[in-house]
Amino acid sequence: SFMDEAAANSLGAAPLKPRLAEVDALKTTAELADLLGRYSMIAIGGAVNGFVEADAGDPTRVVVYLAQAGTALPDRDYYLNDDKRFVDIREKYRQYLEKAFTLAGRPNAAADAGTVLALETDLARIQWTRVESRDAVKTYNKYALPKLVQDMPGFDWMAWARPQQIDTQADWVISQPSFFKNF
């Protein structure tokens, strides 16, 4: 009720062009980490869900929490379950992605849709189940940022944290450590 649909339709994908250009310009994993950190600051999701909250182990302190993310469908089973229902949902999601990429003017919309679905499926393979992710003890894994950088290489955690100004935060809680090691 608050959206001017006519204006949104007339603009088309134009408001997204600067963001898409940022993604297209990426050359290194450090640049990707920085971009994901900047996007996290403005609530654009990525493979990492980071937030600041009271420490569950010591509520007088505030810590950075990291939780798995990176998939648009509701649960990892939507990517991994071969029941007809989930296969149909994945196909409809791929069609949605293709349409979105077409509307955004991507020259290889079908291939891009397949690539996104494949990437999200890879992420789903390393995600914890909902049951595992609700285990308050199993998901409370405190790290100092240098230990996170050491134990979970391959992603520039400092480049991700810096734009959010959480790179000096002493304590981090990693909800699903195996996800981040594989990520």
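What FRET efficiency would be calculated for the residue pair Leu73, Arg134, taking the C-beta separation as r and a Förster radius of 30 Å, to the nearest 0.05? Each step should come with its number before you reach the end.
Values: r = 19 Å, r/R0 = 0.62.
Plugging the Cβ-Cβ distance into 1/(1 + (r/R0)^6) gives 0.95.
Wrap a convex hull around the Cα atoms of segment 59-116, take a quarter of its surface area, and give that in square nanometres.
6.1
Between Asn182 and Thr60, what FRET efficiency follows from the Cβ-Cβ distance if R0 is 45 Å, with the result rounded to 0.05?
The calculated FRET efficiency here is 0.85.
Mind listing the long-range amide H neighbours of Asp55? Cut-off is under 5 Å, sequence gap 5 or more, other chains count too, H placed in the peptide plane at 1.01 Å from N.
Answer set, sorted by chain and number: Arg61, Val62, Val63.
Residues with amide H under 5 Å of Tyr143's amide H, sequence separation 5 or more or different chain, H placed in the peptide plane at 1.01 Å from N; which?
Trp172, Val173, Ile174
Tell me, what % of the accessible area of the chain is carbon and sulfur with a 1.4 angstrom probe?
Here carbon and sulfur together make up 57 percent of the probe-accessible area.
Before I look further, what does the chain give for accessible area per residue, probe 1.4 Å, in whole square angstrom? Don't jump to the answer; show the numbers that get you there.
Numbers: 10990 Å² over 183 residues.
Computed with neighbouring chains in place, this is 60 Å² per residue.
Pull up the cross-link candidates among the aspartates and glutamates for Lys138, meaning alpha carbon to alpha carbon under 16 Å and not fewer than 8 places away within one chain.
Asp55
Tell me the Kirkwood radius of the chain: reciprocal of the mean inverse pair distance over distinct alpha-carbon atoms, in Å. The partial results should precede the final answer.
Working: mean 1/r = 0.0547 Å⁻¹.
Across the chain, the inverse of the average 1/r is 18.3 Å.
For Val52, what charge total do you get from the other residues with a beta carbon under 13 Å from its beta carbon, if Lys and Arg give +1 and Asp and Glu give -1?
The answer is -3.
Could you tell me the relative contact order of the chain? Use alpha-carbon pairs under 8 Å, at least six residues apart, and round to a whole percent.
Contact order relative to length: 28 percent.
Applying 1/(1 + (r/R0)^6) with R0 = 22 Å to the Cβ-Cβ distance of Gln95 and Ala13, what FRET efficiency is obtained, to the nearest 0.05?
Working: r = 18 Å, r/R0 = 0.81.
After rounding to 0.05, the efficiency reads 0.80.
Rg to Rh ratio, segment 108-173, alpha-carbon atoms and Kirkwood radius? If you can, show how the numbers build up before the last one.
Details: Rg = 15.8 Å, Rh = 14.6 Å.
That ratio is 1.09, to two decimals.
Tell me the volume per residue, in Å³, of the convex hull enclosing the alpha carbons of segment 14-88.
156
Going through the cross-link list Lys92/Lys181; Lys27/Lys99; Lys17/Lys99; Lys27/Lys181, which pairs have a Cα-Cα distance over 28 Å in this structure? All intermediate terms of the calculation are to be shown ahead of the outcome.
On the way: Lys92/Lys181 31 Å; Lys27/Lys99 26 Å; Lys17/Lys99 16 Å; Lys27/Lys181 22 Å.
From Lys92/Lys181; Lys27/Lys99; Lys17/Lys99; Lys27/Lys181, over 28 Å: Lys92/Lys181.
Is there a quick way to get the dipole size of segment 64-119? I mean about its Cα centre, with the Cβ of Lys and Arg at +1 and of Asp and Glu at -1; what is the value in debye to the nearest 20?
Magnitude of the dipole: close to 140 debye.
The values are calculated or read from the model by the stated rules, or taken from the named source; none is laboratory data. Because the structure is a prediction, the values reported are computed rather than measured. Glycine also receives a Cβ, built like all others from the backbone with ideal geometry; neighbour counts cover every protein chain displayed. Keep in mind that these areas ignore ligands, DNA and RNA; they rest on the heavy atoms of the full protein, side chains included. Shrake-Rupley method; radii C 1.70, N 1.55, O 1.52, S 1.80 Å.
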